[in-house]
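This report concerns only the one structure given below.
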Amino acid sequence: MHGSETIETMPFEEALKELERIVARLESGDEALDTSIALYERASQLRQRCVDRLDAAQARIEAIRLDSEGRPAGTTPFAAS
């Protein structure tokens, strides 16, 4: 686990990989209760980071403007966190 990594600045791919590792650890059933709770809390934060990044990507895709012939003509600025 990358406990020192700031989730808010973590790239989507890294957050997803860590989330997958945590899920595997939780599913194994080998962790102590306190560790499982901490892992679950981090997994919840990572999941939210992934959801936020996917929502931002979707909004950016939806912001692509098309010209009269259906070709991409530019984008509308989108402020994502």
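The values are calculated or read from the model by the stated rules, or taken from the named source; none is laboratory data. The structure presented is a predicted model; accordingly, all values stated were derived computationally and were not measured. Cβ: placed from backbone, ideal geometry, glycine included. Neighbour counts: every protein chain shown. Note: areas computed on protein heavy atoms with side chains; ligands, DNA, RNA excluded. Shrake-Rupley method; radii C 1.70, N 1.55, O 1.52, S 1.80 Å.
Here are a few things to note about the model shown:
- Being outside any helix (DSSP H, G or I) and open to solvent by 60 Å² or more (accessible area, probe 1.4 Å) is a property that holds for D30.
- Meets criteria (assigned to a loop (DSSP other than H, G, I, E, B), of a type in the set (G, A, S) and at pLDDT below 75) for A79: yes
- Checking T35 against (1) open to solvent by less than 60 Å² (accessible area, probe 1.4 Å); (2) at pLDDT below 95, the condition it does not meet: (2)
- Which numbered condition A63 fails, given (1) surrounded by 12 or more Cβ atoms within 10 Å (Cβ to Cβ); (2) modelled with pLDDT of 90 or more; (3) more than 18 Å from the chain's Cα centre (by Cα): (2)
- Count of the range 11-25 residues, restricted to those that are touching a Lys or Arg at 6+ places or on another chain (Cβ under 7 Å) and surrounded by 15 or more Cβ atoms within 10 Å (Cβ to Cβ), is 3.
- Restricting attention to the range 1-10, the residues that are part of a helix (DSSP H, G or I) and open to solvent by 90 Å² or more (accessible area, probe 1.4 Å) add up to 2.
- Evaluation of Q45 against (1) open to solvent by 60 Å² or more (accessible area, probe 1.4 Å); (2) modelled with pLDDT under 95 (one fails), failing number: (2)
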